[in-house]
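Participant: Take this structure, written in structure tokens, and hold onto it; I'll ask about it next.
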Amino acid sequence: MENQSLCYMGTSVVSGTATAIVKFTGSRTYFGSMALELSKQRPQNAFQLGVRRISWIFFLTMLCIVPPIFLLQGFLHPGDGWYEAALFALAAAVGLTPEMLPMIVSSTLARGAYLMSKKKCIVKNLDSIINLGGMDVLCTDKTGTLTENRVSLLLHLDCRNRTSILPIQLAYLNSHFQTGLSNLLDKAVINYIQKTTSNHRSRRKPTLLSGFTKRDEIPFDFVRRRMSVFYTGEDRQLDSSDRTIQLARQKLIPFDGILTQPLNEPMKLSLLNLNNELNERGLRVLAVAYKVFSTPPDNLQTSDESELIFAGFIAFEDPLVIQQLFVKKYVKIFNFQFHQMEL
């Protein structure tokens, strides 16, 4: 797995192109071998191990008690014979066996599965109820389960935590011109602008895209964790980037949106605090920055992603579904704490 010259099935390519020779396919790959592991029998859980442990305790108890009973019955009542002593010892062994235990456990789990089915929860394995009840922390993917999987743009702020149109305009140009994989955030930005401009179309005849032409782009990758688009306008060249605060190091747009000032440590701390506050509200936050080129480059390079001017934040929300009230109610019953987290 540490060989740098091998590309494994299921690997995400950061960027670039390559020519490869296929060596293994299907189940012979590392990725395919996972299917074989999943098809194997699962290891016993804590409940099954507990039942087996109790069964062994009963079995060992019978081995320890039945022989003395058999011998005592035979010697104390010789007139009844050893056959009667064996029957008496066997009856004692049967009496020690909890015949109703399996039925009680099965009926209790079946009752729990029935009650959960009324709450639209299907239990495929009764033992899983025991595992669920024994959990201290339950982590689940909220997208499409606790949330509607419908991302919407909620805020567009400047560095002073004031509503600003500049970040959303730059983000819209970025989302519109980029040709990489379109995600939910791009769609949310485009839908927001289209909805806003459609409501004010009679007042604003020119569209936001008029006068802009795309020249180049650097697609998103998981190393840089940002996306840049270079485009020209009527009298300006801008490079807008969805990026983290640390990369907008040099200049910052103040509240008036015209002048710039250095991004010093107090202002950086203020921006980080604002980002944390938005995250604590369950919002996904992107920072937007741009750059004005005095001499437009022929090809946009990652080295051009420097000396950026911070424009502001855009924040997205993935609304919780109505069923989240049910989740909160029953999580509270089990004395759990409910948190909506952004990872």
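Participant: If you go through region 18-28 one residue at a time, do you hit one that is in a loop (DSSP other than H, G, I, E, B) and touching a residue at least 24 places away in the same chain (Cβ under 8 Å)?
Facilitator: No, region 18-28 contains no residue that is in a loop (DSSP other than H, G, I, E, B) and touching a residue at least 24 places away in the same chain (Cβ under 8 Å).
Participant: Return yes or no: is ALA248 modelled with pLDDT of 80 or more, within 33 Å of the chain's Cα centre (by Cα) and under 13 Å from CYS159 (Cα atoms)?
Facilitator: No; evaluated as a whole, the condition is false for this residue.
Participant: Only residues that are closer than 22 Å to ILE130 by Cβ, surrounded by 10 or more Cβ atoms within 10 Å (Cβ to Cβ) and not hydrophobic (A, V, I, L, M, F, W, C): list them for region 33-48, please.
Facilitator: Across region 33-48, the qualifying residues are GLN44, ASN45, GLN48.
Participant: Between a residue in region 195-220 that is surrounded by 15 or more Cβ atoms within 10 Å (Cβ to Cβ) and any residue that is modelled with pLDDT under 60 and assigned to a strand (DSSP E or B), which pairs come within a Cβ distance under 9 Å, given they are 6 or more apart or on different chains?
Facilitator: The qualifying pairs are PHE212/LEU238; ARG215/GLN237; ILE218/SER241; PHE220/ASP242.
Participant: Could you run through region 43-80 and say how many residues are touching a residue at least 60 places away in the same chain (Cβ under 8 Å) and either in a loop (DSSP other than H, G, I, E, B) or closer than 13 Å to LEU96 by Cβ (or both)?
Facilitator: Summing the residues that are touching a residue at least 60 places away in the same chain (Cβ under 8 Å) and either in a loop (DSSP other than H, G, I, E, B) or closer than 13 Å to LEU96 by Cβ (or both) in region 43-80 gives 1.
Participant: Counting only residues that are part of a loop (DSSP other than H, G, I, E, B), farther than 18 Å from VAL51 by Cα and open to solvent by less than 80 Å² (accessible area, probe 1.4 Å), how many does region 87-144 have?
Facilitator: Going through region 87-144 one residue at a time, the tally reaches 6.
Participant: Among residues belonging to region 170-181 that are without any contact (Cβ under 8 Å) to a residue 60 or more places away in the chain and out of contact with any helix residue (DSSP H, G or I) (no Cβ under 8 Å at 6 or more places or on another chain), point out the one that is surrounded by the most Cβ atoms within 10 Å (Cβ to Cβ).
Facilitator: Here the residue is PHE177.
Participant: Scan region 49-59 and give yes if some residue there is at pLDDT below 85, in contact with a helix residue (DSSP H, G or I) (Cβ under 8 Å, 6 or more places away or on another chain) and farther than 30 Å from LEU132 by Cα, otherwise no.
Facilitator: no
Participant: On to the next question. Mind listing whichever residues of region 56-99 are under 57 Å from the mean Cα position of the chain (by Cα) and among the acidic types (Asp, Glu)?
Facilitator: Matches in region 56-99: GLU99 only.
The values are calculated or read from the model by the stated rules, or taken from the named source; none is laboratory data. This one's a predicted model, so the numbers in the text were calculated from it and none came from an experiment. Cβ coordinates were reconstructed from backbone atoms using ideal geometry, including for glycine residues, and neighbour counts include every protein chain displayed. Protein only, heavy atoms only, side chains kept; ligands, DNA and RNA dropped before computing areas. Shrake-Rupley method; radii C 1.70, N 1.55, O 1.52, S 1.80 Å.
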